[in-house]
Amino acid sequence: MRILIALAAALMATGATTAQAAAPAALAAPNISVANVQAHLNQFQSIARANGGNRAHGRPGYLASVNWVKSKLDAAGFTTRVQSFTYGGATGYNLIADYPGGDANNVIMLGGHLDSVTAGPGINDNGTGSASILEVALQMKATNFQPTKHVRFGWWGAEELGLRGSTAYVNSLSTTEKSRIKAYLNFDMTGSPNPGYFVYNGADGQPTGSVALQQRLQAGFTSLGVQTELTNVGGRSDHAAFARANIPTGGTFTGAEQTKTSAQAAKWGGTAGQAFDRCYHRSCDTTSNINATALDRNADVIAYALWATAS
């Protein structure tokens, strides 16, 4: 993750009106099994271990990760395709997966980057977001969810080298295809070991409609009794390419190298004066570098937001 966050003033999740408005769809969302998400993370760790210790762009561990995620989605009945692009003299890959049905002129898209840095396996950054949206996708099939809108997922390559994969994807779309995407939700680092609960600030120069996505994600955390703060992510994660195309964006984040304050520790637990993720972009970003509670809560909020937005 390339985010260097600037935190806005602490903001409680939205009030009863927003939460109640989202409640009917949200109640239908499944409880996402954190054990299943962790099993996916174990697989990413195994892939990295077998491929030089990382899953970085241009390295065999990245393509192995793409192929493994694709196999899970193919078995669940998604329509998948692998889009290739070139950066730094190496071939990169995006994985796109479409859920059957829904209005093709009203697309809801979820994504996160699948690559790691070369220094380590990238389990929090961004195995967590990748594994969480994978499990949410699989639960769409398992629960026979039949959304009114069409749902598409993306796993992006070479984010760590400048958002290359997501930018290549958006640039490949025609004007008409871009106009069909009504929302893009990004999940990058959702299980930091000393976690915060951040929601992308939809008013931070983002396209019209982004505030509504922000409020829906906040309402998801409210339903779990979790307070949130807004974060101004600007152009530093994969949502940026979508925002440039005037597609409403949103997302969640549990923190990277920045230091947790005393006020945040009082609100969320954890250790004040320490980074949200002390293993950010390091070899120690392994399956031991995860807070299971944060991972679980974020996965449930992803499902909450998807069911509410796509229904």
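Since every read-out is calculated from the coordinates, none of them should be taken as a lab result. Just so it is clear, the structure is predicted and the values come from calculations on it, not from any experiment. We place every Cβ from the backbone using ideal geometry, glycine too, and count neighbours over all the protein chains shown.
Computed quantities for the displayed model
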read-out: Cα shape, the chain, gyration tensor, a/c 1.5 rule; value: rounded
read-out: Neighbourhood charge, 12 Å Cβ-Cβ cut-off, centred on Gly77 and excluding it, Lys, Arg +1 and Asp, Glu -1; value: 0
read-out: Interchain or long-range residues, amide H under 5 Å from Gly251's placed H; value: Asn186, Tyr200
read-out: Length-normalised contact order of the chain in % [C-alpha pairs under 8 Å, at least 6 apart]; value: 27
read-out: GNM result for the chain, Cα springs below 10 Å: residue of Gly220, Gly127, Gly234 fluctuating most strongly; value: Gly234
read-out: Neighbourhood net charge (14 Å Cβ-Cβ; Lys/Arg +1, Asp/Glu -1) for Gly101; value: +1
read-out: Environment charge of Ser192, counting only residues whose C-beta is closer than 14 Å and scoring Lys/Arg +1, Asp/Glu -1; value: -3
read-out: Calculated from backbone phi, Karplus (6.51, -1.76, 1.60) coupling profile of segment 207-219 in Hz, x at Gly/Pro; value: x, 3, x, 5, 4, 4, 5, 3, 5, 5, 5, 4, 4
read-out: Beta bridges per DSSP with both ends in the chain, % antiparallel, nearest 5; value: 50
read-out: Long-range HN-HN contacts of Tyr87 with modeled amide H, under 5 Å; value: Gly92
read-out: Table column - 3J(HN,Hα) (Hz), segment 264-274, Karplus curve with 6.51, -1.76, 1.60, x for Gly and Pro; value: 5, 5, 5, 7, 10, x, x, 10, 5, x, 10
read-out: CD proxy at 222 nm, helix term only [per DSSP H run n ≥ 4: -39500 (n - 2.57); per residue of the chain; nearest 500]; value: -12000 deg cm²/dmol
read-out: In Hz, Karplus ³J(HN,Hα) per residue of segment 52-66 (6.51, -1.76, 1.60; θ = phi - 60°; x = Gly, Pro); value: x, x, 8, 10, 8, 3, x, 9, x, x, 6, 4, 4, 5, 4
read-out: Ranked packing of 284-296, 242-254, 111-123, 200-212, most packed first, by mean Cβ within 10 Å; value: 111-123, 242-254, 284-296, 200-212
read-out: Anisotropy class of segment 131-280 from Cα gyration tensor, a/c 1.5 cut; value: prolate
read-out: In segment 141-191, the chymotrypsin sites (Phe, Trp or Tyr not before Pro) that fall in loop regions by DSSP, at most 16 other Cβ within 10 Å; value: none
read-out: Amide H contacts of Leu110 (H built 1.01 Å from N, under 5 Å, at least 5 apart or other chain); value: Arg152, Phe153, Gly154, Leu185
